[in-house]
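Peer 1: Let me begin by handing over the structure; questions about it come next.
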Amino acid sequence: MACVIIVGTQWGDEGKGKIVDLLTERADAVVRYQGGNNAGHTVMFGEKTFILHLLPSGILRKTTSILGNGVVIDLAEMIKEIDELAQMDIAVEDHLHISDRAQLVMPWHKTFDRLSEEQKGKNKIGTTGRGIGPAYEDKVRRSGMRVGDLLEPELFKARLEEIVEEKNKLLELYYKSDEPSFSAEEIFSEFTAYLKILKPYIRDTPLLVNQMIEEGKNILFEGAQGTFLDVDHGTYPFVTSSNTLAGGACTGTGIGPTRINKVLGIVKAYTTRVGSGPFPTELLDNDGELLQSEGHEFGATTGRPRRCGWFDALLVRQAVRLNGITSMAVMKLDVLDKFDTLKIAVSYRLSNGEHTENLPRSLENVTPVLEEMPGWKCKSAGITEYDQLPREMLAYLERISELVGAKVSIISTGPKREETIVLNPDQFWL
Ligand code: IMP
């Protein structure tokens with residue numbers, strides 16, 4: 001048995017969906033522990049491409065799929081996702097379990113996400129607009145509503161009325177919005193309809209996950225977003241509102257830290273970021289455009305173009321520490337096929353002229369010191385044998401591994417399942 005956490009080491013979109021799908025082959029359950037439908041996990045399955053926003057990627061292989069208590073759930077969106085899968089002949093019955101303690105994304109969360117971004121103007125975070133921040137705010141303020149509340153309609157209704165009154169005041173007096181106010185009655189009937197569909201899936205998931213661990217099962221914990229979007233350790237305030245780090249898997253599912261055996265860090269061979277916030281190795285030139293076009297770097301959730309830049313070893317080294325990463329999967333190496341030269345940030349020059357190899361608290365005024373390496377200038381896309389990888393790519397991988405302090409266990413050379421080199425398949429599951 002083993003508990004393996006999959007975590008993004010940059011700003012999300014590293015390719016976690018593909019690796020979760022790959023490791024799911026030998027997993028008994030896949031569990032999401034934070035975030036909501038701000039995530040977009042792209043998985044290619046046969047000739048089909050799926051983009052999952054809320055459901056764990058394991059659902060595609062009909063593996064037990066659990067949404068842990070740390071996730072915030074937009075029920076309407078989840079039902080939509082379940083329906084879309086059903087149209088592709090992927091039924092979720094018998095596989096899906098939703099935590100009764102997970103927080104609900106309510107209609108006002110989406111409205112306030114939008115209004116708050118509008119109010120911030122040029123300082124906006126560039127959120128996905130899915131209501132994630134306001135939902136977590138309410139969780140911590142203790143004015144959130146949980147999936148399990150739906151099971152007690154009278155209590156749910158009473159709380160809803162109380163909260164709606166407050167939210168309407170916020171809408172009118174704080175945001176000075178002329179949008180229609182929220183109606184507790186309408187929301188109650190909307191959520192009652194959702195409950196009818198989702199009731200069979202709701203359960204005590206901390207109990208379920210712990211029982212599976214006691215039975216010696218293999219469990220995969222699927223992180224969403226990436227290390228530097230973590231609300232504590234990311235580029236605050238340009239972050240999401242949850243703990244995206246591996247540590248979040250414990251609180252977000254109700255298991256103890258002693259249960260975790262491995263943490264697999266997913267690393268993109270270069271760097272991307274969606275939304276606002278500092279990005280030291282960002283490229284605003286032809287190289288950046290080439291990364292964007294070769295890597296199809298557009299957000300899976302919002303379709304926004306992703307900002308692109310060179311690999312930043314300071315970021316990933318910090319991610320290795322923060323997550324306790326035991327090995328890495330390096331993704332999208334084939335995107336670099338056309339580059340003559342590749343660059344890696346190995347240190348930063350700070351505004352006071354000093355240099356650092358450790359990630360500073362603020363990345364706003366740092367200049368990356370770049371090391372150059374020769375590109376491989378040949379088609380690596382689709383290579384499945386380690387021996388056939390170009391010499392320059394192996395040197396690039398070796399340098400990354402040395403700089404960040406973690407070994408490479410998976411190399412990905414394309415979006416398909418087969419386009420992957422797993423260096424030692426037995427190392428993940430004990
Ligand atoms: P929020 O999570 O919608 O509040 O957005 C906060 C920040 O996190 C924004 O910069 C988003 O672009 C970013 N973000 C949220 N989810 C993802 C993701 O799945 N991939 C990449 N960036 C994300």
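The values are calculated or read from the model by the stated rules, or taken from the named source; none is laboratory data. Computed from a predicted structure; not experimentally measured. Reconstructed Cβ throughout: ideal geometry from the backbone, glycine too, with neighbour counts over all protein chains shown. What goes into the accessible areas is simple: the full protein's heavy atoms, side chains included, and nothing from ligands, DNA or RNA. Shrake-Rupley method; radii C 1.70, N 1.55, O 1.52, S 1.80 Å.
Peer 1: Select from segment 16-46 the residues that are in a strand (DSSP E or B) and under 20 Å from GLY248 (Cα atoms) and write down the one among them that is nearest to the ligand (Cβ to nearest atom).
Peer 2: From segment 16-46, those in a strand (DSSP E or B) are 29-32, 41-45; that's our starting set.
Remaining after also requiring under 20 Å from GLY248 (Cα atoms): 29-32, 41.
On the way: ALA29: 22, VAL30: 17, VAL31: 17, ARG32: 12, HIS41: 8 Å.
Of everything passing the filter in segment 16-46, HIS41 is nearest to the ligand (Cβ to nearest atom).
Peer 1: Looking at this structure, is PHE228 touching a residue at least 60 places away in the same chain (Cβ under 8 Å), open to solvent by 10 Å² or more (accessible area, probe 1.4 Å) and touching a Gly at 6+ places or on another chain (Cβ under 8 Å)?
Peer 2: Working: touching a residue at least 60 places away in the same chain (Cβ under 8 Å): yes; open to solvent by 10 Å² or more (accessible area, probe 1.4 Å): no; touching a Gly at 6+ places or on another chain (Cβ under 8 Å): yes.
It is false that PHE228 is touching a residue at least 60 places away in the same chain (Cβ under 8 Å), open to solvent by 10 Å² or more (accessible area, probe 1.4 Å) and touching a Gly at 6+ places or on another chain (Cβ under 8 Å).
So that you can scan it fast, the table gives a plain yes or no per residue for (1) closer than 24 Å to ILE98 by Cα; (2) without any contact (Cβ under 8 Å) to a residue 12 or more places away in the chain:
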{"residue": "VAL140", "(1), (2)": "yes, yes"}
{"residue": "GLY144", "(1), (2)": "yes, no"}
{"residue": "ARG159", "(1), (2)": "yes, no"}
{"residue": "TYR174", "(1), (2)": "no, yes"}
{"residue": "LYS199", "(1), (2)": "yes, no"}
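Peer 1: Among the residues that make up segment 295-314, is at least one of them open to solvent by 50 Å² or more (accessible area, probe 1.4 Å), assigned to a helix (DSSP H, G or I), out of contact with any Ser or Thr (no Cβ under 7 Å at 6 or more places or on another chain) and away from the ligand (no atom under 14 Å from the Cβ)? Steps first, answer last, please.
Peer 2: At the first step, the residues of segment 295-314 found to be open to solvent by 50 Å² or more (accessible area, probe 1.4 Å) are 296, 298, 302, 304-305, 307.
From what is left, the residues that are assigned to a helix (DSSP H, G or I) are none.
No, every residue in segment 295-314 fails to be open to solvent by 50 Å² or more (accessible area, probe 1.4 Å), assigned to a helix (DSSP H, G or I), out of contact with any Ser or Thr (no Cβ under 7 Å at 6 or more places or on another chain) and away from the ligand (no atom under 14 Å from the Cβ).
Peer 1: If ASP28 meets every condition in (1) of a type in the set (D, E, K, R); (2) touching a helix residue (DSSP H, G or I) at 6+ places or on another chain (Cβ under 7 Å); (3) under 30 Å from PHE238 (Cβ atoms) apart from one, which number is that one?
Peer 2: That leaves (3) as the condition not met.
Peer 1: Kindly list the number of the only condition in (1) over 19 Å from the mean Cα position of the chain (by Cα); (2) away from the ligand (no atom under 16 Å from the Cβ) that fails for MET106.
Peer 2: Evaluating MET106 over (1) over 19 Å from the mean Cα position of the chain (by Cα); (2) away from the ligand (no atom under 16 Å from the Cβ) leaves (2) as the failure.
Peer 1: If you don't mind, another one. So, GLU166, is that one open to solvent by 40 Å² or more (accessible area, probe 1.4 Å), within 16 Å of the ligand (Cβ to nearest atom) and in a helix (DSSP H, G or I) or not?
Peer 2: Values: open to solvent by 40 Å² or more (accessible area, probe 1.4 Å): yes; within 16 Å of the ligand (Cβ to nearest atom): no; in a helix (DSSP H, G or I): yes.
No; evaluated as a whole, the condition is false for this residue.
Peer 1: May I pose another question? Starting from residues that are touching a residue at least 60 places away in the same chain (Cβ under 8 Å) and among the hydroxyl-bearing types (Ser, Thr, Tyr), keep the ones in segment 50-70 and report whichever is farthest from the ligand (Cβ to nearest atom). Don't jump to the end; show me each part of the working.
Peer 2: First, pick out the residues of segment 50-70 that are touching a residue at least 60 places away in the same chain (Cβ under 8 Å): 51, 53, 56-58, 64, 66-70.
Next cut, among the hydroxyl-bearing types (Ser, Thr, Tyr) only: 57, 64.
Values: SER57: 13, THR64: 23 Å.
Per the stated criteria, the residue is THR64.
Peer 1: Failed condition for ASP13, given (1) in contact (Cβ under 8 Å) with a residue 60 or more places away in the chain; (2) part of a helix (DSSP H, G or I), with all others met?
Peer 2: (2)
Peer 1: All but one of (1) in a loop (DSSP other than H, G, I, E, B); (2) farther than 20 Å from THR235 by Cβ hold for ILE410; which doesn't?
Peer 2: If we test ILE410 against (1) in a loop (DSSP other than H, G, I, E, B); (2) farther than 20 Å from THR235 by Cβ, just (1) comes out false.
Peer 1: Determine, yes or no, whether GLU117 is open to solvent by 20 Å² or more (accessible area, probe 1.4 Å), of a type in the set (Asp, Glu), within 16 Å of the ligand (Cβ to nearest atom) and touching a His at 6+ places or on another chain (Cβ under 7 Å). Break it down into steps so the answer makes sense when it comes.
Peer 2: On the way: open to solvent by 20 Å² or more (accessible area, probe 1.4 Å): yes; of a type in the set (Asp, Glu): yes; within 16 Å of the ligand (Cβ to nearest atom): yes; touching a His at 6+ places or on another chain (Cβ under 7 Å): no.
Spelling it out, it is not the case that GLU117 is open to solvent by 20 Å² or more (accessible area, probe 1.4 Å), of a type in the set (Asp, Glu), within 16 Å of the ligand (Cβ to nearest atom) and touching a His at 6+ places or on another chain (Cβ under 7 Å).
Peer 1: Another question about this same structure. If I filter segment 319-328 for residues that are open to solvent by less than 10 Å² (accessible area, probe 1.4 Å) and more than 19 Å from HIS41 (Cβ to Cβ), do I get at least one hit?
Peer 2: The answer is yes; a qualifying residue exists.
Peer 1: Identify all residues within segment 262-294 that are among the hydroxyl-bearing types (Ser, Thr, Tyr) and open to solvent by less than 10 Å² (accessible area, probe 1.4 Å); write none if there are none.
Peer 2: Of the residues in segment 262-294, the ones among the hydroxyl-bearing types (Ser, Thr, Tyr) are 270-272, 276, 281, 293.
Listed by number, the residues that qualify are TYR270, THR271, THR272, THR281.
Here's the yes/no breakdown for (1) open to solvent by 50 Å² or more (accessible area, probe 1.4 Å); (2) of a type in the set (Asp, Glu); (3) more than 16 Å from the ligand (Cβ to nearest atom):
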position: GLU179; (1), (2), (3): yes, yes, yes
position: PHE182; (1), (2), (3): no, no, yes
position: ILE187; (1), (2), (3): no, no, yes
position: LEU220; (1), (2), (3): no, no, yes
position: ASP232; (1), (2), (3): yes, yes, no
position: THR240; (1), (2), (3): no, no, no
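Peer 1: Among the residues of segment 195-203, is any in contact with a His (Cβ under 9 Å, 6 or more places away or on another chain) and not hydroxyl-bearing (Ser, Thr, Tyr)? Full working, then the answer.
Peer 2: Narrowing segment 195-203 to residues in contact with a His (Cβ under 9 Å, 6 or more places away or on another chain): 201-203.
With not hydroxyl-bearing (Ser, Thr, Tyr) added as a condition, the list becomes 202-203.
The answer is yes; a qualifying residue exists.
Peer 1: Across segment 353-404, which residue is farthest from THR271 (Cα to Cα) among those that are small (Gly, Ala, Ser) and in contact (Cβ under 8 Å) with a residue 40 or more places away in the chain? Don't jump to the end; show me each part of the working.
Peer 2: At the first step, the residues of segment 353-404 found to be small (Gly, Ala, Ser) are 353, 362, 375, 380-382, 395, 401.
Filter again for in contact (Cβ under 8 Å) with a residue 40 or more places away in the chain, leaving 362, 380-382, 401.
On the way: SER362: 18, SER380: 19, ALA381: 19, GLY382: 21, SER401: 16 Å.
That would be GLY382.
Peer 1: While we're on this one: Looking at GLU77, GLU81, which is the one that is under 14 Å from TYR201 (Cβ atoms), at pLDDT 90 or above and open to solvent by 10 Å² or more (accessible area, probe 1.4 Å)? First the steps, then the outcome.
Peer 2: Numbers: GLU77 fails: under 14 Å from TYR201 (Cβ atoms).
Just one listed residue meets the conditions, GLU81.
Peer 1: Which of the numbered conditions does LEU350 fail, given that it passes all the others? Conditions: (1) of a type outside the set (S, T, N, Q); (2) more than 16 Å from the ligand (Cβ to nearest atom); (3) within 23 Å of ILE6 (Cα to Cα).
Peer 2: Against the list (1) of a type outside the set (S, T, N, Q); (2) more than 16 Å from the ligand (Cβ to nearest atom); (3) within 23 Å of ILE6 (Cα to Cα), LEU350 comes up short only on (3).
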